[in-house]
Amino acid sequence: MPLPSIRPRLVRRRSKVHGFGVFAGEPITKNTRIIDYAGELVRNFESEEREERYLAQGCIWMFRVNRTWSRDAAVGGNIARFINHSCSPNCWFEVAATTIWIRASRSIRAGEELTYDYSTVGERTIPCRCRPGCRNKL
Ligand SMILES: C[S@@+](CC[C@H](N)C(=O)[O-])C[C@H]1O[C@@H](n2cnc3c(N)ncnc32)[C@H](O)[C@@H]1O
Ligand SMILES: [Zn+2]
């Protein structure tokens, strides 16, 4: 029988980057699979219409899985949906079939905010606030 997987403890609280963010509740070792980005699996043609609606409210909830599927964290999402973007992140994402894993790209201290690079494509209208003076857009 496979061993149950132990995931690091995470805390959701206000972030300096934007709204709520997700913080490490304990030290996390490099490469750990921290959490999966949960959400309803929807076909891309349907996700585009939903994404436009969410973006009009200033929020990105849709995560492109592959050429066919996206995950909509606004429906059935978990705490991973509150992870903010950074241009110099401490996490990365790995797509395994239709599961999106958020993984540690280095060792992370307890209390650090988790971030990954959203790698957004398209219009990119949201000014990035990952650090003072960042000129990128999401
Ligand atoms: C998946 S949500 C992340 C959780 C969000 N902070 C909240 O409280 O709902 C993505 C949204 O957070 C905001 N966001 C995330 N990272 C950001 C960043 N680096 N700069 C500015 N806004 C950011 C954007 O509005 C984006 O659409
Ligand atoms: Zn940035």
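Readers should treat all values here as calculations from the given coordinates under stated rules, not as data from a laboratory. The model shown is predicted, which means the values in this text are computed figures rather than measured ones. Neighbour counts run over all protein chains shown; Cβ positions are idealised from the backbone, glycine included.
Tabulated data for the structure shown
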| read-out | value |
| --- | --- |
| Of all residues in segment 58-71 being closer than 18 Å to Gly21 by Cα and not β-branched (Val, Ile, Thr), the one that is surrounded by the fewest Cβ atoms within 10 Å (Cβ to Cβ) | Gly58 |
| Residue count for segment 58-90, restricted to those that are among the basic types (Lys, Arg) and touching a Cys at 6+ places or on another chain (Cβ under 9 Å) | 0 |
| Single condition Val22 does not satisfy, out of (1) surrounded by 19 or more Cβ atoms within 10 Å (Cβ to Cβ); (2) among the hydrophobic types (A, V, I, L, M, F, W, C); (3) assigned to a loop (DSSP other than H, G, I, E, B) | (3) |
| Selection count where residues are surrounded by fewer than 17 Cβ atoms within 10 Å (Cβ to Cβ), among the aliphatic types (A, V, I, L, M) and in contact with a Cys (Cβ under 8 Å, 6 or more places away or on another chain), scope segment 91-138 | 0 |
